[in-house]
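Comments concern the structure below.
Computed from the coordinates by the stated procedures, all read-outs in this text should not be read as laboratory data. All of these numbers come straight from a predicted model, not from anything done at the bench. Reconstructed Cβ throughout: ideal geometry from the backbone, glycine too, with neighbour counts over all protein chains shown.
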Amino acid sequence: MGGGLAAQRCCETLRALGHAGPITIAGAEGSEPYDRPPLSKEGLAGAATEPRFRPRSWYAEHDVQLRLGAAAVRLRPGARTVELAGGERLRYDDLLVATGSRPVMLPALAGFANVQALRTRAQMRLGAALESARGADRVQELVLTDGSRIATDHVVVAVGVRPATEWLDASGLELRGIHTALPHVYAAGDVTGGGHWEAAARQGAGVARALLGLDPAPPAPPSFWSDQLGLRLQCVGEPAGAHATIAADAEGRGFEAVYHRDGRVSAVLLADRTPADLRAARRLLTPEPKLERSAA
Amino acid sequence: MTLIPEIDTFSCVAHGDCAVVAPHAVRVDDVAVVVGVALDDALIEAARACPAGAIVLVDSDSGEEVDPG
């Protein structure tokens with residue numbers, strides 16, 4: 001269940017590894033699985049992008065059934081079925097829970113026509129939270145807890161996400177990794193709290209390997225990247241709670257931050273650095289990576 | 001100079017930007033795979049585009065890794 005990156009990657013890995021059995025991707029959205037990061041970058045900037053991972057024809061060519069607009073409302077693990085909105089029940093041999101997450105909406109802004117949620121975080125003003133929003137059908141003014149007021153034409157809310165797992169509430173299922181307490185039920189992507197593109201991709205592929213009885217891929221450190229205003233940020237490791245040593249370029253916007261915890265490097269954050277720099281950072285956190293020379 | 005691309009399969013997460021930039025040289029399955037040749041400029045652009053830094057370019061004459069910058 002779910003039509004995002006994790007589901008797509010699981011599906012592609014299954015086919016790449018030779019699985020010939022039936023696969024169904026069922027998701028609440030009405031389009032084929034698509035890549036979300038560009039929507040808040042190139043998409044907002046007005047650039048023409050193709051967000052879909054694969055064209056519609058790919059799914060037919062790889063014998064993957066798409067059930068679009070199929071929102072799950074309940075998991076019935078005993079019967080190995082997922083109940084959809086409308087009452088239909090999908091039976092599964094193995095189930096991947098990959099229903100992603102939803103952006104958090106501030107209660108004071110709910111219902112206004114000119115409020116848009118983004119799945120990224122931003123700081124509007126330090127030390128001042130939103131107290132209320134004023135307007136009729138559109139927000140015209142924000143009132144902050146420090147008493148200040150901000151006139152606005154449009155509001156972008158970017159205060160994080162919550163896993164979209166309400167349909168699992170009755171099952172009591174906890175999602176912390178790709179394996180769950182229920183037989184034949186796996187999880188990947190934002191529902192596990194991973195929160196980043198690379199985690200979803202690796203987990204989706206990991207579920208495929210687990211379904212086929214293969215050994216898991218070597219563990220990789222958490223990592224993410226983001227392109228912000230033309231600046232590429234890349235992070236490997238766990239920076240939270242660690243002490244950072246920052247080396248900034250004398251000119252330009254680039255920098256390298258090395259995070260230490262308990263006397264060891266726990267993460268490296270790079271801005272405007274080269275691929276070789278990123279690989280060097282990854283080597284600080286992991287054993288020598290395997291290089292595979294592919295024949296041309 | 002002729003560049004040979006190698007894929008750091010540990011780092012690759014199959015984002016696919018490389019295959020967009022150099023489709024004749026790289027195909028993306030569960031990870032990227034080198035499938036053909038491309039001009040050096042295209043390979044350099046593909047290496048720069050990879051958000052995981054997973055494309056290593058090697059100078060075929062010297063065997064040395066080339067930084068795509």
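Tabulated values for the structure
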{"quantity": "Viscosity 0.890 mPa s, temperature 25 °C, Stokes-Einstein D of chain A from Kirkwood C-alpha radius, µm²/s", "calculated": "113 µm²/s"}
{"quantity": "In the range A:133-203, the trypsin sites (Lys or Arg not before Pro) that fall in loop regions by DSSP, at most 12 other Cβ within 10 Å", "calculated": "A:Arg176"}
{"quantity": "Length-normalised contact order of chain A in % [C-alpha pairs under 8 Å, at least 6 apart]", "calculated": "15 percent"}
{"quantity": "Computed [θ] at 222 nm, deg cm²/dmol, chain A (DSSP H ≥ 4; -39,500 (n - 2.57); rounded to nearest 500)", "calculated": "-4500 deg cm²/dmol"}
{"quantity": "C-alpha long axis of helix B:40-49 to longest principal axis of chain B, angle in °", "calculated": "40 degrees"}
{"quantity": "Peptide B:63-69, shielding by other chains (average Cβ, 10 Å cutoff)", "calculated": "2"}
{"quantity": "Reciprocal of mean inverse Cα separation for the range B:1-47 (Kirkwood radius, Å)", "calculated": "10.4 Å"}
{"quantity": "Rel. contact order, % - alpha carbon contacts under 8 angstrom, at least six apart, chain B", "calculated": "40 percent"}
